[in-house]
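Here is the structure we will look at, set down as structure tokens.
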Amino acid sequence: MSKSYLVAFNAASAVGWAAVLFLTLNALADRSTSLASDAAATNDLSRKLVSLVASYVLPSHSASWSVVAPVQSLAALEVLHVLFRLVRSPLPTTLMQVSSRLILVWAIVARFPSTHLNPFYTTMVLAWSLTEVPRYTYYALSLMGTQVPPVLTWLRYTTFYVLYPLGAGSEALVALSTIPEWKNGQYLNWNLEALVKAGMVLLWIPGLWVMYTHMMQMRRKVLGKRGQQSKMDAGKKE
């Protein structure tokens, strides 16, 4: 039963993130979408960063949010999967990745309408979906005992080199865009929430390093084994 459940969970998650990817790409292709404005940020630095990419990356919240919110919330079950030993993933990295995304979804994007116009929301969701479609598909096929295509394995354990910095960087910039202005000593007027969010933005850098090194180790473990197996198979044929 646990295996059937995990297959269903991963398959549903793969389909959900594929839908997010489609909706986000469709929003990017829709040139009639309004560009982000100064309303997309609450501090001067974020407004400047938004202006640098606003003409290249269109807002996609209205197109993708209705799918992003439930699909990302479903990922909370991954923590339970580790706790109940349904999977062998390490709890710290699983908890870190899931919790940071849930904070972005429910504590930041859901509560601050300014993020709905932010192009970094688009790059964040794009990085998430491009990461999760191969990941969940890979796990679903593996659990089903189906031969996983080599290209899917390569995507699962290689694209993080680009997508993790893009996703984590976008997460930090979306959170940063909701922090009040700090110039000229205005940070002295911050409330507790603003201070917490500022601390979270600073924690994204070491958090990215933890996730990055974890994936590098997994890549060496998985792709290294595949390479060794290929050599052994070639030797048997000879």
Exercise. So, in the stretch 53-67, of the ones that are within 19 Å of residue 32 (Cα to Cα) and of a type outside the set (Gly, Ala, Ser), which residue ends up surrounded by the fewest Cβ atoms within 10 Å (Cβ to Cβ)?
Worked result: 56
Problem set entry | Complete set of residues in the stretch 161-175 that are surrounded by fewer than 22 Cβ atoms within 10 Å (Cβ to Cβ) and either touching a residue at least 24 places away in the same chain (Cβ under 8 Å) or within 22 Å of residue 39 (Cα to Cα) (or both) | 163, 164, 165, 166, 168, 169
Exercise. Any residue at all in the stretch 113-123 that is over 20 Å from residue 49 (Cβ atoms) and either open to solvent by less than 40 Å² (accessible area, probe 1.4 Å) or assigned to a loop (DSSP other than H, G, I, E, B) (or both)?
Worked result: no
Exercise. So which residues in the stretch 68-78 are crowded, with 16+ Cβ neighbours inside 10 Å and either among the polar types (S, T, N, Q) or touching a Gly at 6+ places or on another chain (Cβ under 8 Å) (or both)?
Worked result: 71, 72
For this session: Would you be able to tell me the number of residues in the stretch 79-101 that are within 14 Å of the chain's Cα centre (by Cα) and either farther than 27 Å from residue 194 by Cβ or surrounded by fewer than 16 Cβ atoms within 10 Å (Cβ to Cβ) (or both)?
Result: 4
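Okay, residues lined up against (1) out of contact with any helix residue (DSSP H, G or I) (no Cβ under 7 Å at 6 or more places or on another chain); (2) not in a loop (DSSP other than H, G, I, E, B):
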site: 25; (1), (2): yes, yes
site: 56; (1), (2): yes, no
site: 63; (1), (2): no, yes
site: 71; (1), (2): no, yes
site: 78; (1), (2): no, yes
For this session: Evaluate the following for residue 141: is it closer than 26 Å to residue 68 by Cβ, surrounded by 19 or more Cβ atoms within 10 Å (Cβ to Cβ), free of Cβ contacts under 8 Å to residues at least 12 places away in the same chain and not small (Gly, Ala, Ser)?
Result: yes
For this session: Could you tell me whether any residue of the stretch 4-25 is of a type outside the set (A, V, I, L, M, F, W, C) and modelled with pLDDT under 95?
Result: no
Problem set entry | From 148, 105, residue being outside any helix (DSSP H, G or I), open to solvent by less than 20 Å² (accessible area, probe 1.4 Å) and β-branched (Val, Ile, Thr) | 148
For this session: Could you check residue 132 against (1) acidic (Asp, Glu); (2) open to solvent by 10 Å² or more (accessible area, probe 1.4 Å); (3) closer than 17 Å to residue 211 by Cα and say which number it fails?
Result: (2)
Exercise. Given the conditions (1) closer than 17 Å to residue 208 by Cα; (2) part of a helix (DSSP H, G or I), which single one is not true for residue 158?
Worked result: (2)
Seminar exercise, completed: Considering the stretch 27-52, residues that are modelled with pLDDT under 90 and either closer than 30 Å to residue 141 by Cα or outside any helix (DSSP H, G or I) (or both), and then whichever is most open to solvent (accessible area, probe 1.4 Å), we arrive at 31
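The values are calculated or read from the model by the stated rules, or taken from the named source; none is laboratory data. Treat the numbers as computed from the prediction; the structure is a model and nothing was measured. Virtual Cβ from ideal backbone geometry, glycine too; neighbours counted across all protein chains shown. Note: areas computed on protein heavy atoms with side chains; ligands, DNA, RNA excluded. Shrake-Rupley method; radii C 1.70, N 1.55, O 1.52, S 1.80 Å.
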